[in-house]
Amino acid sequence: MGGLMGDGFFHWYRDRWSRADARAVLAALDANGVRRANPGDGRVSLITGGPDSWGEQVATTACGLVEQVAFVDGEVNFQLWVSADTDVFTRVRSPEVGVATVVLEFGLDGLADGELERTAAALLRVVGSHRAGTLGFVLDRAGTTAELDWDAVLAGAAVPVSPLPDTLGLPRAYVPLHPEVTSVVRESVAYGDLVVFDRAGTAPGPAGGTAPASGGRGVAAEGRDEGQGRRQRERDARRGG
């Protein structure tokens, strides 16, 4: 199954991963306030995962972290920071099943409400700006689906998704395998090669933006615009324009 245990989490499955991808994703996280370096002391830290040591900080550099994450063998654990006192435990691992090359896992437990929403929005923006290579993603603020075998779901297995997370991006080909999702979330949006089911009202938007449920633009608006644009082009073609 893999995955971070505990409260809320964000899992991002990618079927393409290289040094350039790792560098770009980590830089985008930095730019969105989920930083490699602790803003208080500048420290960049790996976290040991055994077998000789568990949960210990090991100092590295921003460039060193790129190398560790880009060529992950099994898993790499490290800290990202939303403030000098608040970290996001992060894991990059190679799943044992499916076509995903890596899974990036972000633990959202321990974040205050404002920090949680800002961090979730930041992660969704990064996904939105790195759609190429994205196989799927899961945002579960409360961690109610932590026991679900998400590796299997994103490998194309017909594992029932119940309960539902806040936001779920699935490959279009996998959607028919999950009527339990489509029967509850009536409105979904095509987002590149994914279909996004959003209960919480926050999903990647144009150029990596996000929109809250109360208004603004997000993945739903983008999907509608794509459809409207396609229909307008078809009308123009029929008119000879």
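The values are calculated or read from the model by the stated rules, or taken from the named source; none is laboratory data. Quick caveat, the model's predicted, so the values are computed rather than measured. All accessible areas refer to the heavy atoms of the entire protein, side chains included, with ligands and DNA or RNA removed. Shrake-Rupley method; radii C 1.70, N 1.55, O 1.52, S 1.80 Å.
Amide H contacts of Gly136: Tyr13, each under 5 Å away and 5 or more positions distant or on a separate chain (H built 1.01 Å from N in the peptide plane; Pro and chain starts excluded).
Look at the alpha carbon pairs under 8 Å that are at least 6 residues apart: their mean separation over the length of the range 3-99 gives a relative contact order of 26 percent.
Nonpolar atom fraction for the range 24-74, defined as the carbon and sulfur part of the 1.4 Å probe accessible area, stands at 52 percent. Apolar share of the accessible surface for the range 147-188: 57 percent from carbon plus sulfur atoms, 1.4 Å probe.
Computed from phi, the 3J(HN,Hα) profile of the range 121-128 under the Karplus parametrisation 6.51, -1.76, 1.60 (θ = phi - 60°) reads 5, 5, 5, 5, 5, 5, 4, x Hz, with x in place of Gly and Pro. Think of a 1.4 Å ball rolled over the protein heavy atoms: the range 53-132 then has 45 Å² of accessible area per residue. With a/c under 1.5 counting as rounded, go ahead and sort the range 1-131 into rounded, prolate or oblate using the C-alpha gyration tensor (a ≥ b ≥ c being the square roots of the eigenvalues; past the cut-off, prolate if a/b is larger than b/c, else oblate). Rounded is the answer for the range 1-131, as its axis ratio a/c remains below 1.5. In the range 75-116, Cα pairs under 8 Å separated by at least six residues give a relative contact order of 31 percent. Working note: Debye formula, equal point scatterers on the alpha-carbon atoms of the range 1-73, no solvent; log10 I(q)/I(0) at q = 0.19, 0.23, 0.24 Å⁻¹ is -1.03, -1.38, -1.41.
Couplings 3J(HN,Hα) for the range 98-107, derived from phi with the Karplus relation 6.51 cos²θ - 1.76 cosθ + 1.60 (θ = phi - 60°), are x, 9, 5, 7, 9, 10, 9, 10, 10, x Hz, where x marks Gly and Pro.
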